[in-house]
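Here is the structure we will look at.
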Amino acid sequence: MNVSFVSQPWECVSPPNLGSVELITCATAERLSGSCQVTVFGRRRSKLPARERRGNILFRRVSVLHEDKLIAPFSRWFFRKPEAPLISSSWYCPSYIWQIARKIQKTGADIVHVHNFSQFLPVIRFLNPRVKLILHMHCEWLSEFERSAIEERLRCADAIIGCSGYITGLIQNRFPEFAKRCHTIYNSVDTARFGTVPGSSLDQTCNILFVGRVSPEKGLHVLVNAFRQVHSRMPNAMLHIIGPEWIAPLQPRLSNDSITRQLEPLFETSGYLARIKQSLNASLASKIVFRDYVSHSDLPAMFRNADLFVFPSVWHEPFGLPVAEAMAAGVAVVSTRSGGINEIVEDNSTGLLVERGDETQLAEAMIRLLTSKCLRHKMGENGRRRAGELFSLERNTQQLKELYQNLLSAA
């Protein structure tokens, strides 16, 4: 079986510096490569080779002509509707996908697996009419972007994957005619690498960990306000915030969710992280550690040193990979009832779930777990088992391989 993955057009897919979708692609490709011929396509930047073989995986990168940057200044005239932004159009990086589609045409593929960009499907189908095309959604774009354009593109898809039942359900509800093509395959975690027993603090410090993008929809402002309450009752608590400031300004404008829409003012002004830091007094600032980047290979050690993992998303999280990673590491979780997280965390079993945007509930949940080592340990062990059952790379890669085989058998 010959499988080609098409990454998002900003992704170079150059290990070890990988985003969450790139991580999932590379980990899946590695496990498929034992029995399949696997090629991963991505964007070429300076100093990166156009062709690179790592183990049994061939990485191929193409240069992008920055058409999106040329068009962006005119977006206000040509892409006026919130549900039809530039990123949803066929004018977004067309040179990227035409180059990839031509390379697939020349070298051949049985399966072409595209992440998030539905506008890539007609181009690939035009040049490769016999391939089986899979669209893998890690976000809500199919339920947010203009329906008529999305509908035409989905006709090219032989299968549509949602990274959670939440995402799959949104697609099926909006496009019932394609419901039978939809499948849920959870994002996966290297449970063997994360699944070591968490370490305990060497002193009396209680370490709270957040891993993810620093952006309003992730709820860092809610977390910091909640930590004020925790700090007033537990002065030995430390909050570790790991992740770069990376803000996607489309999010609140596209959402129909009233809580997410309330975040819009935070997206309209710059310096989200700077404003959070400026709101801290000296005492609280000394208890919060910000690290804008940690290599994914170093994350297991960060989880091992955590007493508690907190993920305060305010929007509906499509999946929440750091939550699954924390559970695989045996760390108890406090998170919000949002999107796919409801499928990851079992409330009062593997962690505690609170309402989105409620800093008092968030603080009380953190205090409850920080003051009970026994409860944290129990929830951590439950989380480790659940991660192994639902989110392991082996399980989810096997599901994907079975989907590939079924599509080819049906052909």
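Per-residue counts of other Cβ atoms within 10 Å, averaged by peptide: what ranking do you get for 156-164, 204-212, 318-326, 14-22, highest first?
318-326, 156-164, 204-212, 14-22
Beta carbons within 10 angstrom, averaged per residue: use that to sort the peptides 109-118, 339-348, highest first. Don't skip to the end; give the middle numbers.
Details: 109-118: 22.8, 339-348: 20.5.
Final packing ranking: 109-118, 339-348.
Highest mean first, how do 359-370, 168-179 rank when packing is the count of other Cβ atoms within 10 Å averaged over residues?
Packing proxy ranking, top to bottom: 359-370, 168-179.
Out of S279, W246, N256, whose Cα points farthest toward the positive end of the dipole of the chain (charges: +1 Lys, Arg; -1 Asp, Glu; placed on Cβ)?
Farthest towards the positive pole: W246.
Just to be sure I understand: if I project the alpha-carbon convex hull of the chain onto a plane and average over all orientations, what area do I get in nm²?
Computing the convex hull of the Cα atoms and averaging its projections yields 19.7 nm².
For the chain, what is the calculated [θ] at 222 nm in deg cm²/dmol (nearest 500), taking -39500 (n - 2.57) for each run of four or more DSSP H residues and dividing by its residue count?
Helices in the chain give a 222 nm mean residue ellipticity of -11500 deg cm²/dmol.
Using Cα pairs under 8 angstrom and six or more residues apart, how large is the relative contact order of region 319-411, in percent?
33
So if I place +1 on the C-beta of Lys and Arg and -1 on the C-beta of Asp and Glu, and nothing else carries charge, what would the dipole magnitude of the chain be about its Cα centre? I want it in debye, nearest 20.
1080
Any read-out appearing in this document is the output of simple, stated calculations on the displayed coordinates, not a laboratory observation. All values derive from a computational prediction rather than experimental measurement. Here the Cβ is made from the backbone with ideal geometry for all residues, glycine too, and neighbour counts use every protein chain on show.
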